[in-house]
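Participant: First, the structure itself, so that you have it in front of you.
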Protein chains: 2
Amino acid sequence: MEYTFSDRVQTLKPSAIREIFKYAADPSVVSLSAGNPSPEAFPTEAVQEISARLMKDHAIDALQYSVTEGYAPLRAHLKDYMKENHQIGKDFDDLVITAGAQQVMDLTTKSLCNEGDVIICEAPSFIGSLNSFRSYQVRLHGVPMEEDGMDMAALEQALKDEPRARFIYTIPNFQNPSGITMSLQKRKKLYELAKQYGVMILEDNPYGDLRFEGEYIPSIKSFDEDGIVIYAGTFSKVLAPGMRVGYAIAPSPVIQKIVVCKQGADVHTNIWAQIVAYEFMTQYDFNAHLSMLRDLYRKKAHYCMDLMDQYLVPNKITYSPIQGGLFLWCRLPDGVDMLDFCKQAVLRKVCVVPGNAFLTDENEPCQCFRINFSTPTDEQLEKGIRILGELAKEIL
Amino acid sequence: MEYTFSDRVQTLKPSAIREIFKYAADPSVVSLSAGNPSPEAFPTEAVQEISARLMKDHAIDALQYSVTEGYAPLRAHLKDYMKENHQIGKDFDDLVITAGAQQVMDLTTKSLCNEGDVIICEAPSFIGSLNSFRSYQVRLHGVPMEEDGMDMAALEQALKDEPRARFIYTIPNFQNPSGITMSLQKRKKLYELAKQYGVMILEDNPYGDLRFEGEYIPSIKSFDEDGIVIYAGTFSKVLAPGMRVGYAIAPSPVIQKIVVCKQGADVHTNIWAQIVAYEFMTQYDFNAHLSMLRDLYRKKAHYCMDLMDQYLVPNKITYSPIQGGLFLWCRLPDGVDMLDFCKQAVLRKVCVVPGNAFLTDENEPCQCFRINFSTPTDEQLEKGIRILGELAKEIL
């Protein structure tokens, strides 16, 4: 039978990264293409204890239907925690628990955008979010990245050119895939531009807590006096992604629409996971856990950058050093066929993500690829980057 | 600030049932308005054991990112189980794990329907599904229910009148809210009509396993030789709704689109819950558990119907006896203001759901309200129905 699908899904393709995962599933392949936290990063003992106690004392709470907004103690704690630690959340804001930050992208777009509306995003940007946006038939307008975040002149031009722009999507800290962190000055400028042109901001901050060097930079949401910023947070990088717990902090009218959409999408987020997140934040030393993560990723990132200095840089592949996050963004010399390089790497059993996967238009030229250092072991990292270096030496 | 929302969410309202829950949260109110399984229905010890073992032996599996399609062992087992026990699943079919059956409604509509398309549904029908459909700006065409399911003449007329109909939505077993089960004859007729008019069928079967009397009737999906039926299943009523695990069995091209949409919606379903569902089905006596549920709900349903015979029927409120499910559908005499009756019940601290909440157009006349018997205790049931009877005696 021939099936007819909706216009919105006709052109949607599975994420290119997910396709690459199929190669990466071959155990003989060194995968530098994932975005998974290191297995060492999971507080398994704590989750085990919390889970056992919960099932013993309050099993029904974890098994019965719950409210769409999320587990009330977690919501209340997160509001306090984010206000106290990050100056996020004003009186006009509210908070909803979601199925990972991915659901914030989905339901924000569903709530704000009509077909043909425009979302302004960083170029490159996180493919999972871009695909979610695309599924609502919006048009993506990419703004080039500089070392300290979006090119502000290009952003202003985009805002001038796009009267149907509904929001600016940004990952200000250790952006996926570029690793770039937006400067405080640009965060303030971005906020002022959004305000001036009457568009909202969707600030996605999965990696903010993973800063292992340099100075903390306040989030855009922290200077939101006008109720124009939707902040997306997640436990995926600081607790465990398999649990699928994220949250949005945004003006109440926006949260209300997200909640109505969430009712129709999945009723509520898995409640066991919400309770585990709450107990972990309140009954354990959450700050010590974040410190442990920073130590872990500092070590892994430096190990990875050292390997790159050893194997890649001498062979004409450059990269931007990072101060946090899980990714490094590597650049091939002009004139080299990036996709071909990535394919040849796969043939030598090393998987990286071709940079064009992260563009608003995958057919635009791109000299970059993304490397992840959190998932592979040190041995895998060494082997993978060494092989990339050998390949570069041969063909560049 | 004034916020502008997308056209699709402008008119979406929180579910009327959810609004009623706010009254029901008052502990002095007897709530007959929920749809929650009985707390006694949860296999808490099994979940406790599975969860402890999982966290001890394979914690990383439960905490790390997983694939969008769902936990592979659960998918494989469900395919076999549904084929063996319900003759569901042909070679052209595939299966995806979702965040409850609610997500099947959401992503099926997203995959199949453009704005202005039509979904044909039972009238009344499950409000959660109707709201999910509405969020894609489809038009709902309700087909009146008879004692043995949809009025087939009206269904055929609807198919003739609605060239943009994309699928027929049905809950064939112990329908929510009406309690009605579609006869085998009508299931076959519905299938033939759908085939003839080139529309798909979305068969939602949350209550099929909760038949406590009468004869098993094969699902519509079991005679799908043409690849036109999308079957939605769930663990919410047979394991635990707070876990949010459901699934769709449908032709592979449809499943592929649902998977792409799910990637953008929430990446994957909470993996702990998927593993618990798998272990519970395979390491425990799942059939014995279903038997226990049937015994539990048979007892509660009969207790409830006895109370209704005692308190309501003599006071002019009628109902349709049921052979499964969690709901009873009660009818007030013509001329009585149903909404006013429900409000007066709330003032006497008994909550039921006004029947118009389940209509495609809430403003249509409706003489019915829905009672749930699985959530309240026997004492609460007795008290609630007695008070409804007193109210009926006074004002009818």
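The values are calculated or read from the model by the stated rules, or taken from the named source; none is laboratory data. These numbers were taken from a predicted model, which means no experiment stands behind them. A quick note on method: Cβ atoms are made from the backbone with ideal geometry, for glycine too, and the neighbour counts reach across all protein chains shown. The accessibility values were calculated without ligands, DNA or RNA, using every heavy atom of the protein model including side chains. Shrake-Rupley method; radii C 1.70, N 1.55, O 1.52, S 1.80 Å.
Participant: In region A:89-123, which residues are within 17 Å of the chain's Cα centre (by Cα), open to solvent by 10 Å² or more (accessible area, probe 1.4 Å) and either polar (S, T, N, Q) or away from every other protein chain (no Cβ under 13 Å) (or both)?
Facilitator: Matches in region A:89-123: A:Gln102, A:Ala123.
Participant: Take region B:221-254 and flag every residue that is surrounded by fewer than 21 Cβ atoms within 10 Å (Cβ to Cβ) and outside any strand (DSSP E or B).
Facilitator: Those that are surrounded by fewer than 21 Cβ atoms within 10 Å (Cβ to Cβ) and outside any strand (DSSP E or B): B:Ser222, B:Phe223, B:Glu225, B:Asp226, B:Gly227, B:Ser252, B:Pro253.
Participant: From (1) in a helix (DSSP H, G or I); (2) closer than 25 Å to A:Arg370 by Cα; (3) aliphatic (A, V, I, L, M), pick out the condition that doesn't hold for A:Met281.
Facilitator: Here A:Met281 meets the rest and fails (2).
Participant: Those residues that are part of a helix (DSSP H, G or I) and either open to solvent by 30 Å² or more (accessible area, probe 1.4 Å) or hydrophobic (A, V, I, L, M, F, W, C) (or both), I need them from region A:170-201; list them, please.
Facilitator: A:Leu184, A:Gln185, A:Lys188, A:Lys189, A:Leu190, A:Glu192, A:Leu193, A:Ala194, A:Lys195, A:Gln196, A:Tyr197
Participant: Give just the number: which of (1) more than 15 Å from A:Met82 (Cβ to Cβ); (2) part of a loop (DSSP other than H, G, I, E, B) does A:Ala265 not satisfy?
Facilitator: Against the list (1) more than 15 Å from A:Met82 (Cβ to Cβ); (2) part of a loop (DSSP other than H, G, I, E, B), A:Ala265 comes up short only on (2).
Participant: Report whether or not B:Phe21 is at pLDDT 90 or above, open to solvent by 20 Å² or more (accessible area, probe 1.4 Å) and either more than 7 Å from chain A (Cβ to nearest Cβ) or more than 21 Å from B:Thr377 (Cα to Cα) (or both).
Facilitator: So B:Phe21 fails the test.
Participant: Related question: Which ones in region B:209-220 are within 17 Å of B:Lys79 (Cα to Cα) and either out of contact with any Phe, Trp or Tyr (no Cβ under 6 Å at 6 or more places or on another chain) or surrounded by fewer than 24 Cβ atoms within 10 Å (Cβ to Cβ) (or both)? Full working, then the answer.
Facilitator: If we filter region B:209-220 for residues that are within 17 Å of B:Lys79 (Cα to Cα), which is where we start, we get B:209, B:218-220.
Within region B:209-220, B:Asp209, B:Pro218, B:Ser219 qualify.
Participant: Right, here's the next one. Taking only region B:341-375 into account, find how many residues are in a helix (DSSP H, G or I), among the charged types (D, E, K, R) and within 30 Å of B:Val138 (Cα to Cα).
Facilitator: 0
Participant: Of the residues in region B:284-306, how many are in a helix (DSSP H, G or I) and out of contact with any Ser or Thr (no Cβ under 9 Å at 6 or more places or on another chain)? Full working, then the answer.
Facilitator: Just the residues of region B:284-306 that are in a helix (DSSP H, G or I), to begin with: B:286-306.
If we keep only those that are out of contact with any Ser or Thr (no Cβ under 9 Å at 6 or more places or on another chain) too, we end up with B:286-292, B:294-295, B:298-299, B:302-306.
So the answer is 16.
Participant: Within region A:311-340, which residues are open to solvent by 60 Å² or more (accessible area, probe 1.4 Å) and part of a loop (DSSP other than H, G, I, E, B)?
Facilitator: Filtering region A:311-340 for residues open to solvent by 60 Å² or more (accessible area, probe 1.4 Å) gives A:313-314, A:316, A:318, A:321, A:323, A:331, A:334-335, A:337, A:339-340.
Passing the criteria: A:Lys316, A:Pro321, A:Gln323, A:Asp334, A:Gly335, A:Asp337.
Participant: Run down B:Tyr319, B:Tyr247, B:Tyr311 and say which single residue is aromatic (Phe, Trp, Tyr) and within 22 Å of B:Ala101 (Cα to Cα). Lay out the reasoning, then the answer.
Facilitator: On the way: B:Tyr319 fails: within 22 Å of B:Ala101 (Cα to Cα); B:Tyr311 fails: within 22 Å of B:Ala101 (Cα to Cα).
Going through B:Tyr319, B:Tyr247, B:Tyr311 in turn, the sole match is B:Tyr247.
Participant: Can A:Ala41 be described as out of contact with any strand residue (DSSP E or B) (no Cβ under 6 Å at 6 or more places or on another chain), within 12 Å of chain B (Cβ to nearest Cβ) and open to solvent by less than 10 Å² (accessible area, probe 1.4 Å)?
Facilitator: Considered against the rule, which asks whether it is out of contact with any strand residue (DSSP E or B) (no Cβ under 6 Å at 6 or more places or on another chain), within 12 Å of chain B (Cβ to nearest Cβ) and open to solvent by less than 10 Å² (accessible area, probe 1.4 Å), A:Ala41 comes out as yes.
Participant: Does B:Glu146 fit the bill of being within 17 Å of B:Phe358 (Cα to Cα), open to solvent by 10 Å² or more (accessible area, probe 1.4 Å) and of a type in the set (Asp, Glu)?
Facilitator: Yes; evaluated as a whole, the condition is true for this residue.
Participant: Here's a check for you: in region A:376-391, which residue that is outside any loop (DSSP other than H, G, I, E, B) and among the β-branched types (Val, Ile, Thr) is most open to solvent (accessible area, probe 1.4 Å)?
Facilitator: Ranking the candidates gives A:Ile387 first.
Yes/no matrix, rows are residues, columns are (1) within 30 Å of A:Val352 (Cβ to Cβ); (2) at pLDDT 95 or above; (3) under 21 Å from the mean Cα position of the chain (by Cα):
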site	(1), (2), (3)
A:Val29	yes, no, no
A:Ile50	no, yes, no
A:Lys56	no, no, no
A:Ile60	no, no, no
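Participant: Which is more than 16 Å from B:Asp93 (Cβ to Cβ) and of a type in the set (Gly, Ala, Ser), of B:Ala194, B:Ala248?
Facilitator: From the options B:Ala194, B:Ala248, the qualifying one is B:Ala194.
Participant: Please verify whether B:Lys343 is open to solvent by 70 Å² or more (accessible area, probe 1.4 Å), closer than 14 Å to B:Ser33 by Cα and of a type outside the set (S, T, N, Q), treating the condition exactly as stated.
Facilitator: yes
Participant: Let me ask another. Consider B:Met55 against the criteria (1) in contact (Cβ under 8 Å) with a residue 12 or more places away in the chain; (2) within 9 Å of another protein chain (Cβ to nearest Cβ); (3) hydrophobic (A, V, I, L, M, F, W, C); (4) touching a Ser or Thr at 6+ places or on another chain (Cβ under 8 Å): it satisfies all of them except one. Which criterion is unmet?
Facilitator: It is condition (1) that B:Met55 fails.
Participant: Given the conditions (1) outside any strand (DSSP E or B); (2) open to solvent by less than 10 Å² (accessible area, probe 1.4 Å), report the number of the one that A:Phe167 does not fulfil.
Facilitator: Result: A:Phe167 passes all but (1).
Participant: When the residues of region B:225-268 are narrowed to those that are facing chain A (nearest Cβ under 7 Å), within 20 Å of the chain's Cα centre (by Cα) and in contact (Cβ under 8 Å) with a residue 60 or more places away in the chain, which ends up nearest to B:Pro73 (Cα to Cα)?
Facilitator: That would be B:Arg244.
Participant: Continuing with the same structure: Filter region B:268-310 for residues that are over 19 Å from B:Glu379 (Cα atoms) and open to solvent by 20 Å² or more (accessible area, probe 1.4 Å) and give the result.
Facilitator: Across region B:268-310, the qualifying residues are B:Tyr278, B:Glu279, B:Thr282, B:Gln283, B:Tyr284, B:Asp285, B:Asn287, B:Ala288, B:Ser291, B:Met292, B:Arg294.
Participant: Same structure again: Right, B:Tyr3: at the interface with chain A (Cβ under 10 Å from one of its Cβ atoms), out of contact with any Leu (no Cβ under 9 Å at 6 or more places or on another chain), not in a helix (DSSP H, G or I) and not aliphatic (A, V, I, L, M) or not?
Facilitator: The answer is no for B:Tyr3.
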